[in-house]
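**Student:** Below you'll find the structure I mean.
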Amino acid sequence: MEKILMKGNEAVAEAAMRAGCRLYFAYPITPQSELIEYMAKVMPKVGGTFLQAESEVAAINMVYGAAGSGKRVMTSSSSPGISLKQEGISYIAGAELPAVIVNVQRGGPGLGDIQPSQADYFQATKGGGHGDYRLIVLAPSSVQEFADMASEAFDLADKYRNPVLILADGMLGQMMEPVEFKPIMTQEEIDELGKQHTSWCICPNADGDAKHHHEINSLELDPSVLEKHVLQMYEKYAVIEKNEQRSEIFNVSDDNEVLCVAFGTASRIVKSAINELKKEGKSVGLVRPIRVWPYPYAAVAAAIGPKVKQVYVFELNTGQMLDDVKIAVCGKAPVNFWGKVGGIVFTPAEIQAKLEACF
Amino acid sequence: MTTEMICAGFGGQGVLTIGKFIAKAGMQEGRNVSWLPSYGPEMRGGTANVSTVVSDDPIASPIVSYPDVLVALNQPSLDKFAPSVRKGGVIILNTSMCPHGCQRDDVEIVAAPLSDIAVEIGNTMVLNMLAIGIVIGKTNLIKYETMEEDLTSFLKAKNPDLLEMNLKAIKRGMEIGKEHG
């Protein structure tokens, strides 16, 4: 298929539709609004349901209900809106339902501003809502990857019966890059996907037994039953941690004197700085977590070369991923951090200057 | 080879469209491209700008620190971005709206009254096509033929007169770009 020049917000919406998403509920917010606009246009065309809810809380609860049908369902928002959705996300995780949530992050806290930010890392990876649960969190760094992660997110959500969050930001949402899409899933393929959920979902009975029914609930007042449920979820998370870590290494070699760790938009800018430093004969590597939960601790640890004097973390926040990097590095090298906040994005020149000071 | 470009001007001058057409043409010519707009409240009546990168290699940062090419359609945009243009780079400036000009002597400057020329051609709206023409004439970043094909594909049936005017503006821009070559 030929490449199309598209905004990240539009590309992820198109890709979600192609991956079989026919149920989408959301409430508009900048810098994510092109996504909901695109869904408003595309869902009716493919026989899907687009609904602009009265609020973010309503939208996530619509997702909760629709996910109970075992169909592919999605919502999206930006930081303050994602905060509003947290109760529903906790319920969806507790009820073990597959759903996809997109967060096109903006500056916070509070209403903040509408510029790109990575300040929702803690919220995305360390809970956000209440209770012992985890989200699988995908962190795209290009429009193509943002689009590809739509189908990846649905596959993971279906596989583990767990909500999956795509953690993008205003820059990825607003920028245009060429993107190539997978073919549109046929109705037969979508129906086939739904069959994997017939053992638990609220759907017409496969066995024709009218008395046969399923219950979906996140309330369990018997502590011993709830304990069993939570521990069983934690066994699932252990499997995810074992199988689903993803990261990219860039310019990592035994010559590296500095190893950078950055995700999403920030990693793009760090790559530019690394390319410039290469011209000066300075060797800097980068580990980019492609998924930030489960976190690729082993990949970060493995990338620390023999000459590395320092690990440098760059984020568009005050150091939220820093803790995870420190866990990975485990004292093998000093860990430094620099970030920009409030919706201000650092430039390649600024990162280059920070890295040059390490030599 | 990588060319990093910033286009800036008042909201409504079509600067985002300059970047978009160049990115799209670059993509159609098989290169890697990125297009990153400024967005937000500052665009209302204020200045708008867009970073466009066209490269043979995968594009790392879509944010441009030091542009190779700057298209400045008004004085505030020129003042903001001219100091960061790479040595030996190109500044295309619209003298109709940049009364104070540019003081850099280590870059190539293509200065012309673009707003006035656009009106001469027939419509102030073709200002951005004129600027694209200068980029083509001066830098060969993209091919005229790609632009012509792209514009023809969506304007020919809808509005052939507008297509003619746009192509005329690009060609005029190319002449201006070549004169300064």
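**Student:** Ratio to report: Rg/Rh of the range B:2-179, with Cα atoms as the point set and Rh obtained by the Kirkwood method; give two decimals.
**Tutor:** Ratio value, two decimals: 0.94.
**Student:** Quote the charge dipole size of the protein assembly as shown about the Cα centre in Debye, to the nearest 20; the model charges only the Cβ of Lys and Arg (+1) and of Asp and Glu (-1).
**Tutor:** Magnitude of the dipole: close to 540 debye.
**Student:** Please report B:98, A:358, A:260 as a ranked list, fewest other C-beta atoms within 10 angstrom at the top and most at the bottom.
**Tutor:** A:358, B:98, A:260
**Student:** For the range A:322-328, just list the computed ³J(HN,Hα) in residue order, Karplus coefficients 6.51, -1.76 and 1.60, θ = phi - 60°, integers in Hz, with x standing in for Gly and Pro.
**Tutor:** Going residue by residue, I get 3, 4, 5, 5, 4, 4, 5 Hz, with x marking Gly and Pro.
**Student:** Quick one: order B:38, A:55 by neighbouring beta-carbon count within 10 Å, fewest to most.
**Tutor:** Ordered from fewest to most neighbouring Cβ atoms within 10 Å, B:38, A:55 come out as A:55, B:38.
**Student:** Going by how many other Cβ atoms sit within 10 Å of their own, how do B:84, A:77 line up, fewest first?
**Tutor:** Final ranking by Cβ density, sparse to dense: B:84, A:77.
**Student:** Determine Rg/Rh for the range A:4-195; Rg is computed over alpha-carbon atoms and Rh is the Kirkwood hydrodynamic estimate from the same atoms.
**Tutor:** Using only Cα positions, Rg/Rh for the range A:4-195 is 0.93.
**Student:** Let me ask another. Can you list residues from other chains, or at least 5 along the same chain, whose modelled amide H is less than 5 Å from the amide H of residue B:111?
**Tutor:** Hits under the 5 Å cutoff: B:93.
**Student:** Sorted from largest down, give the three principal axis spans of the alpha carbons of the protein assembly as shown, whole angstrom values.
**Tutor:** 82, 60, 38
**Student:** If you average the sequence gap of Cα pairs under 8 Å that are 6 or more apart and divide by the length of the range B:16-155, what percent do you get for the contact order?
**Tutor:** Once divided by the residue count of the range B:16-155, the mean separation gives 19 percent.
**Student:** Treating only the Cβ atoms of Lys and Arg (+1) and Asp and Glu (-1) as charged, compute the dipole magnitude of chain B about its Cα centre; round to the nearest 20 debye.
**Tutor:** Charge dipole, chain B, about its Cα centre: 240 debye, nearest 20.
**Student:** Once label points are set 7 Å from the Cα along Cα→Cβ at both residue A:356 and residue A:255, what is their separation, rounded to one decimal in nm?
**Tutor:** For the pair residue A:356/residue A:255, the computed spacing is 2.0 nm.
**Student:** Lys/Arg Cβ at +1, Asp/Glu Cβ at -1, dipole of the protein assembly as shown taken about the Cα centre: which of A:176, B:100, A:249 is farthest positive-ward?
**Tutor:** Ranked along the dipole, the leading option is B:100.
**Student:** Sticking with this structure for a sec: Against the longest alpha carbon principal axis of chain A, how many degrees, from 0 to 90 and to the nearest 10, is the axis of helix A:8-18 turned?
**Tutor:** 40 degrees
**Student:** Something else about it: Per-residue Cβ counts within 10 Å, from other chains only, averaged over A:5-17: what number is that?
**Tutor:** That average works out to 1.
**Student:** Could you give the size of the charge dipole of the range A:77-229 about its Cα centre, using +1 on the Cβ of each K and R and -1 on the Cβ of each D and E, expressed in debye and rounded to the nearest 20?
**Tutor:** 400 debye
**Student:** Let me ask something additional. Take the alpha carbon atoms of the range A:264-281, find their center, do the same for the range B:1-67, and report the distance between the two centers in whole angstrom.
**Tutor:** Cα centres, the range A:264-281 to the range B:1-67: 20 Å.
**Student:** Ok, one more. If amide hydrogens are placed 1.01 Å from N in the peptide plane, which non-local residues have theirs closer than 5 Å to the one on residue A:179?
**Tutor:** Counting only residues 5 or more places away or on other chains, the set is A:4, A:5, A:6.
**Student:** Mind listing the phi-derived Karplus ³J(HN,Hα) values for the range A:143-152, rounded to whole Hz, using 6.51, -1.76 and 1.60 with θ = phi - 60°, and x for any glycine or proline?
**Tutor:** Calculated HN-Hα couplings, in order: 5, 4, 5, 4, 5, 4, 6, 4, 6, 4 Hz.
**Student:** Okay, moving on. Set the Förster radius R0 to 35 Å, insert the Cβ-Cβ distance between residue A:187 and residue A:238 as r into 1/(1 + (r/R0)^6), and round the FRET efficiency to 0.05.
**Tutor:** Between residue A:187 and residue A:238 the formula returns 0.45.
A short reminder: the numbers here are calculations on the coordinates, not readings from a lab. Being a predicted model, the structure only gives us computed values, none of them experimental. Cβ: placed from backbone, ideal geometry, glycine included. Neighbour counts: every protein chain shown.
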